[in-house]
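*Asks:* Here's a structure for you.
The values are calculated or read from the model by the stated rules, or taken from the named source; none is laboratory data. If you're wondering where the values come from, they're calculated on a predicted model, not measured in any experiment. Here the Cβ positions follow ideal geometry from the backbone for every residue, glycine too, while neighbour counts run over all protein chains shown.
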Amino acid sequence: MKLLKYVAAGMLSLSLVSCGSDYLDTEYTTYLSAEAAGEAAGNNPDVFLNGMWSYMVDMYSSSHDAFNYMSVMLSTDAMAEDMAFGALHWFSYDYQFDNRMYNYRRTAVNWSLFYTEISKSNEIIALYPNGPQTDGEKALLGQAYAMRGFSYYYLIQLYQNCVKADGSLNTTAKGVPMYYASTEGLSDEEQTTRKGRNTVALVFEQIESDLTNAVSLLNESGYERPSKNYIDAGVANGMLARYYLLTQQWQKAANAANAARQGYSIMGNAGLHDGFMDVTNEEWMWGFDQSTETSTIYASFFSHISNIAPGYAGLGYSPKLIDARLYSQIPDDDYRKSLFNGPNGDSSQSSTGAKYPYANLKFGNDGNWTMDYPYMRAAEMVLIEAEAYARLGENAKAAQVLAVLMANRQPSWSKASVSVDEILLQRRIELWGEGFSYFDLKRLNKGIDRNYSGSNHYTGCKLTVSAQDANWTYQIPRSEMQENKQLTADDQND
């Protein structure tokens, strides 16, 4: 699959098309010079970005488990330990750790999503061979760099183990193919070579470069986004904080996370119970504001995650439950415990899925399938900052940071010092169902054990999978192996 089209040096059409989805929603059909195209883009960046955001929620195919970004988040959560299934339906192969092979749809969804976003980013970057001149151009370019770094951040974790068995970074391992805009100064030889697997270290270097560029450009521009669909400096810092956490750069992770959450409040009990479906929530930093035009109804995140909505989970085809062992670790006075049924279920609920023991009630239903998608919240940034300080041995400072979250989750919580493990437990509780568990397990070099006494995981899915098991890492899609001439059979993951 050829995933990139480089912008011609002389002329550029403002009606570009990329990977099966319209890139630009614009009335322009005439060709402009590269300089004029860059100026037009800077004056109206929304036109260039809307296609990028829309593709994140688009359906990859007619399959109801392939709706791009949030289907990646849900499929990886299904592979971990904290989410149990009440029945097997869509996503069941992910839950069974049997959906990673080169000829399966799941790896094609992962690959296509992130490399398409890289392609779209490169098309924007190519508009400015001499760098951005105006604030509008800086804002557009900053978001393009952010999305490219964000995409490589996910790709390298899906297609490689970034951490060795001893916990150190696996920097010399094979990375993922890397693509650039034609204007970035790489020679033809460098462009070609980097379409191979490279190394994890080189991919890390590119992620950090892209995200630091994004933060710088968005700060310089003073960009104020029209909605939370877009990326501002805070969101770019949040992406950078995630990257620094992955790469064990603890102080940088703490600094970026702190910068990212400035201006946001931690929602209280009422906000926690609003259904996690409104991007205007005071704590949401980045998300997708759904509309009836963008909604994919049954083939959507809420159809599969919400036991309250009339989708696959709510109708009882595949209710999503919290792991019983994790539920038991949530204190009774923690507001988040009531986001889940207890071991006896709740027969008073109106939907089938919400009646199940341990059913999650976290994700709701607005009645018209326009529930918004959560991509980043300030709570995550608090948790990153706290974990970073705990890993630096500053456990008292970690507790001070974590208290910002816990004051609105468990008011009785009062600790002068917290360990890394205590913070990781809070991550599992707070971010349940939002797409973090698989990535945390991989960076922490942990496996799963669903086969414990009292496990509520579905029969036949009470698996034990060790860290470093090949099943944690996806195989490269067959189409890429066939069409990318820089890949050989030896480059395929086991």
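*Asks:* Kindly indicate whether any position in the stretch 347-365 is in a loop (DSSP other than H, G, I, E, B), under 30 Å from VAL420 (Cβ atoms) and aliphatic (A, V, I, L, M).
*Replies:* Looking for residues that are in a loop (DSSP other than H, G, I, E, B), under 30 Å from VAL420 (Cβ atoms) and aliphatic (A, V, I, L, M), one finds at least one in the stretch 347-365, hence yes.
*Asks:* Let me ask something else. Quick check on the stretch 163-181: of everything there that is over 19 Å from LYS195 (Cα atoms) and not aliphatic (A, V, I, L, M), which residue is surrounded by the most Cβ atoms within 10 Å (Cβ to Cβ)?
*Replies:* In this case the residue turns out to be ASN170.
*Asks:* May I pose another question? Return yes or no: is ASN493 more than 23 Å from VAL200 (Cβ to Cβ), polar (S, T, N, Q), assigned to a loop (DSSP other than H, G, I, E, B) and modelled with pLDDT of 95 or more?
*Replies:* Taking the combined requirement at face value, the residue does not satisfy it.
*Asks:* Quick check on LEU169: is it touching a Cys at 6+ places or on another chain (Cβ under 8 Å) and aliphatic (A, V, I, L, M)?
*Replies:* Yes.
*Asks:* For the list (1) within 27 Å of GLY447 (Cα to Cα); (2) modelled with pLDDT of 95 or more, I need the number of the one condition that ARG105 fails.
*Replies:* Going through the list (1) within 27 Å of GLY447 (Cα to Cα); (2) modelled with pLDDT of 95 or more, ARG105 breaks only (2).
*Asks:* Which of the residues spanning the stretch 179-197 are farther than 16 Å from ASN130 by Cβ and in a loop (DSSP other than H, G, I, E, B)?
*Replies:* TYR179, TYR180, LEU186, SER187, ARG194, LYS195, GLY196, ARG197
*Asks:* Scan the stretch 62-81 and give yes if some residue there is of a type in the set (D, E, K, R), at pLDDT below 95 and either surrounded by 21 or more Cβ atoms within 10 Å (Cβ to Cβ) or not in a loop (DSSP other than H, G, I, E, B) (or both), otherwise no.
*Replies:* Scanning the stretch 62-81 turns up at least one residue that is of a type in the set (D, E, K, R), at pLDDT below 95 and either surrounded by 21 or more Cβ atoms within 10 Å (Cβ to Cβ) or not in a loop (DSSP other than H, G, I, E, B) (or both).
*Asks:* Restricting to the stretch 111-147, and then to whatever is touching a residue at least 40 places away in the same chain (Cβ under 8 Å) and in a loop (DSSP other than H, G, I, E, B), can you tell me which residue is farthest from TYR180 (Cα to Cα)?
*Replies:* Looking at the filtered set, the residue picked out is THR134.
*Asks:* How many residues are on the phi > 0 side of the Ramachandran plot and in contact with a Phe, Trp or Tyr (Cβ under 7 Å, 6 or more places away or on another chain) when one looks only at the stretch 305-340?
*Replies:* Residues meeting the conditions: 0.
*Asks:* Where residues in the stretch 124-160 are crowded, with 22+ Cβ neighbours inside 10 Å, over 29 Å from SER437 (Cβ atoms) and of a type in the set (Gly, Ala, Ser), which of them is nearest to the chain's Cα centre (by Cα)?
*Replies:* Here the residue is ALA144.
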